[in-house]
Structures are given as structure tokens and as C-alpha cells.
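Engineer: This is the structure, below, for whatever I ask next.
Every number in this text was worked out from the coordinates using simple rules, so none of it is lab data. None of these values were measured; they are calculated from a predicted model. Glycine gets a Cβ as well: all are built from the backbone with ideal geometry, and neighbour counts include every protein chain shown.
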């Protein structure tokens with residue numbers, strides 16, 4: 001009986017989940033406290049890092065995410081729902097020679113925040 005109840009619980013809750021696992025796509029990116037690039041930075045993550053995306057709390061450009069103890073916002077363009085092959089995965093020997101400090105990770109994340117991605121339409 002308990003097996004059936006457990007099955008029914010997971011069957012009913014899986015279709016209505018408002019969370020999905022996403023993966024970071026840029027080499028480094030920041031989790032922000034609010035939905036704008038000048039807000040306080042909560043944490044810096046690297047490419048391929050999994051985050052729990054709240055699909056109900058979002059806007060046109062930002063997802064609300066959670067990873068470990070950190071909760072904040074990441075630009076939608078920086079999240080994919082399928083794991084990608086990152087630069088650090090493709091060229092680990094080359095990438096590991098950089099030996100980034102924590103300050104450098106933070107600054108690379110800030111640069112990614114300022115970098116415009118996507119398409120621009122001219123009239």
C-alpha cells in the first residue's frame with residue numbers, strides 16, 4: 001500500500017513542478033540579489049554548474065535560482081536546461097594553467113554581466 005501511495009505522490013507532483021535544473025553556459029557568471037546587473041553579487045559560478053531554476057519566479061530576462069545556500073537571479077541567456085560542453089571541459093590542461101584567484105573569478109563574472117549577448121535589430 002505504501003508503495004502505491006509513494007508512486008501516486010511522485011506521479012502527481014512531477015507534472016506540476018515549478019523547478020527545473022539548469023546549467024550555466026558562460027565561463028563565469030554571477031548570481032545577483034535582485035534582477036539587475038548592478039545589484040549585490042551573491043556568488044560567482046563557472047560554466048556547467050547546476051542550478052535549481054524557479055520557473056514561476058522569473059521575468060523576461062532573469063531566472064530566480066538556487067544553488068547550495070545561495071538564492072538569487074541569473075540572466076536567462078546564461079542558463080540552458082541541457083548540459084553543454086564548456087571551454088574548461090574541452091581544454092582542461094590549458095584552462096587549469098590560468099590558476100584564477102577568487103577576485104579574478106568575480107571580475108570575469110562581472111565582465112559577463114556587462115557583455116551583451118543575443119541579436120540586435122537595426123532599422
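Engineer: Going residue by residue through region 61-70, is there one that turns out to be within 13 Å of residue 24 (Cβ to Cβ), in contact with a helix residue (DSSP H, G or I) (Cβ under 9 Å, 6 or more places away or on another chain) and not in a strand (DSSP E or B)?
Structural biologist: Checked region 61-70: no residue is within 13 Å of residue 24 (Cβ to Cβ), in contact with a helix residue (DSSP H, G or I) (Cβ under 9 Å, 6 or more places away or on another chain) and not in a strand (DSSP E or B).
Engineer: Give the residues of region 71-118 that are in a strand (DSSP E or B) and either in contact with a helix residue (DSSP H, G or I) (Cβ under 8 Å, 6 or more places away or on another chain) or surrounded by fewer than 14 Cβ atoms within 10 Å (Cβ to Cβ) (or both), sorted by residue number.
Structural biologist: Narrowing region 71-118 to residues in a strand (DSSP E or B): 71-75, 79-80.
Matches in region 71-118: 75, 80.
Engineer: Restricting region 31-47 to residues that are more than 11 Å from the chain's Cα centre (by Cα) and part of a loop (DSSP other than H, G, I, E, B), which is surrounded by the fewest Cβ atoms within 10 Å (Cβ to Cβ)?
Structural biologist: 38
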